[in-house]
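The values are calculated or read from the model by the stated rules, or taken from the named source; none is laboratory data. The shown structure was predicted, so the numbers you read here are calculated from the model rather than taken from an experiment. Glycine also receives a Cβ, built like all others from the backbone with ideal geometry; neighbour counts cover every protein chain displayed.
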Amino acid sequence: MSDLLRRLRQGGWRLTAQRRVVAEVLDGDHIHLTAHEVHARAVERLPGTSRATVYSILGELVSRGELLEVSTSDRAKRYDPNAHRPHHHLVCVRCGAMRDVPPARGLPAEPPERERFGYTVLDVELTYRGLCPHCTA
């Protein structure tokens, strides 16, 4: 579960009304919203919130390491507040629904030395693709 609001408060981030509402929209389990979706939900809570303000806040949160930007194929970027817990993603190839899944056991954390070509591995991203229950039905 995301603890975005708690992290922001503890980190001393000045929570203006617009920042607070964006953080509230993004707080919760399995949240992977596009910027457009964040803006639409923010406006419901705080009318008059501009699209530019939402994009700016999303950029700040990504820069601070409080949100992950998740890209899947040709779909719009999504914002994931589960930035401090290792996890992978499960994505529906039909509707784009996305869920967090815990790291798989038994998978190599990084390629063997001979297959790294001198690179130092800093992170591993794994995306499972399939059909969600709604699209399978």
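If you go through the range 47-76 and keep only what is buried (at least 16 other Cβ atoms within 10 Å of the Cβ) and outside any helix (DSSP H, G or I), you end up with Thr49, Glu66, Leu67, Leu68, Val70, Thr72.
Mind telling me which of the residues Tyr128, Tyr119 ends up being outside the structural domain of Arg9 (by TED's automatic domain parsing), assigned to a strand (DSSP E or B) and not hydrophobic (A, V, I, L, M, F, W, C)? Unique residue meeting the criteria: Tyr128.
All conditions but one from (1) in contact with a strand residue (DSSP E or B) (Cβ under 9 Å, 6 or more places away or on another chain); (2) over 30 Å from Gly12 (Cβ atoms); (3) in a helix (DSSP H, G or I) apply to Pro103; the one that does not is (3). Hey, does the range 65-77 have a residue that's closer than 17 Å to Leu5 by Cα and among the aliphatic types (A, V, I, L, M)? The answer is yes, given that some residue of the range 65-77 is closer than 17 Å to Leu5 by Cα and among the aliphatic types (A, V, I, L, M). If the condition is being in contact with a Ser or Thr (Cβ under 6 Å, 6 or more places away or on another chain) and at pLDDT below 90, then the range 13-27 contributes only Asp27. Remark: pairs (first residue in the range 44-56, over 14 Å from Thr16 (Cβ atoms); second residue of a type in the set (Gly, Ala, Ser); Cβ separation under 9 Å; 6+ apart in sequence or on different chains) = Arg51/Ala35; Tyr55/Ala35.
Summed over the range 78-97, the residues that are part of a loop (DSSP other than H, G, I, E, B) and under 17 Å from Arg129 (Cβ atoms) give a count of 6. As for the range 124-135, it holds at least one residue that is of a type in the set (Asp, Glu), in contact with a strand residue (DSSP E or B) (Cβ under 8 Å, 6 or more places away or on another chain) and more than 14 Å from Leu33 (Cα to Cα). Being touching an Asp or Glu at 6+ places or on another chain (Cβ under 6 Å) and over 25 Å from Pro133 (Cα atoms) is true of Leu4. Per this entry, His30 is not counted among residues that are in a strand (DSSP E or B) and either over 22 Å from Thr16 (Cα atoms) or at pLDDT below 90 (or both). Selection over the range 24-43 of residues that are touching a residue at least 24 places away in the same chain (Cβ under 8 Å) and in contact with a helix residue (DSSP H, G or I) (Cβ under 9 Å, 6 or more places away or on another chain) gives a count of 9.
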